[in-house]
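Trainee: Dropping a structure here in structure tokens format, bear with me for questions.
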Amino acid sequence: MGCIRGITENSPGGQPTKILLTGAACQLGHALRQKVPEGIELIATSRNGGDALLPLDLADAAVCRAAVLEHSPDWVLNGGAYTAVDKAESEPELALTVNTGAPRALAEAVEQLLAASGQGVILRTNWVIGPVGKKFALTMLRLHRECGASGQALGVVEDQVGCRPSAPAIPCWIAPAAGGPSAWPPPPGARPCGSFWRRWAELNCDRTQPSPGC
């Protein structure tokens, strides 16, 4: 859901760290935009733009590639994805383009920027939950209320088990995992989830090779 690819070289001359953010209207992007720390130049984009966001359509690989090369950011945070699982069955090509074509195009452009140094790090997370947008947790709460009111039974597929990282908590761990100081403060009561954050800690120990499952 969120392939986070970072360029770990420090910005020269004390310049702000430039971050290109895709999917800025989604839950992770929303969390990142709530309070941008000093020293961060956040270039926030969404599919249609507007509301202080630049337009960047993840369905267009050429546009994604051009955006990275144009802005030459220190980090690229890909917070956008096609997450409408049921609808994806009727739009498989669009879902595939957004979830595989866009990350590939962003990665290829980042590799061009890294050509001289060869220094970089990749962070990835999925199953993100948060207080905004459409997601499984909020859907289940809504269905629970509706079924409770009508007396209907609520059935849920339970063939997958995982750790769901919180969108508001993720930003404060992005920079340390990439080898830098924490820029975003953790939200009140934030607690790391064992296996998820252990993987990030392993990655921080050896930033040249991502750990399996990261």
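The values are calculated or read from the model by the stated rules, or taken from the named source; none is laboratory data. Just so it is clear, the structure is predicted and the values come from calculations on it, not from any experiment. Methodologically, a virtual Cβ is constructed for each residue, glycine included, from the backbone with ideal geometry; neighbour enumeration extends over all protein chains shown.
Trainee: What are the residues in segment 119-137 that are in contact with a strand residue (DSSP E or B) (Cβ under 8 Å, 6 or more places away or on another chain) and either part of a loop (DSSP other than H, G, I, E, B) or free of Cβ contacts under 8 Å to residues at least 40 places away in the same chain (or both), if any?
Mentor: The answer is GLY120, ASN126, VAL128, GLY130, LYS135, PHE136, ALA137.
Trainee: Next up: Pairs needed: first member in segment 99-112, in a helix (DSSP H, G or I) and buried (at least 17 other Cβ atoms within 10 Å of the Cβ); second member anywhere, among the charged types (D, E, K, R) and modelled with pLDDT under 95; C-beta distance under 7 Å; at least 6 residues apart or different chains.
Mentor: If the second residue must be among the charged types (D, E, K, R) and modelled with pLDDT under 95, the pairs left are LEU106/ARG5; ALA107/ARG5; VAL110/ARG5.
Trainee: Looking only at segment 28-54, filter to residues that are assigned to a loop (DSSP other than H, G, I, E, B) and of a type in the set (Gly, Ala, Ser); which one of those is surrounded by the fewest Cβ atoms within 10 Å (Cβ to Cβ)? So that I can check it myself, show each step before the final result.
Mentor: Step one: list which residues in segment 28-54 are assigned to a loop (DSSP other than H, G, I, E, B), which gives 34-39, 47-49, 51-52.
Then drop every residue that is not of a type in the set (Gly, Ala, Ser), which leaves 39, 49, 52.
Details: GLY39: 12, GLY49: 15, ALA52: 8.
If we take residues in segment 28-54 being assigned to a loop (DSSP other than H, G, I, E, B) and of a type in the set (Gly, Ala, Ser), then ALA52 is surrounded by the fewest Cβ atoms within 10 Å (Cβ to Cβ).
Trainee: Give the number of residues within segment 127-136 that are out of contact with any Cys (no Cβ under 8 Å at 6 or more places or on another chain), within 15 Å of ILE170 (Cβ to Cβ) and either exposed (fewer than 13 other Cβ atoms within 10 Å of the Cβ) or of a type in the set (Gly, Ala, Ser) (or both).
Mentor: So the answer is 1.
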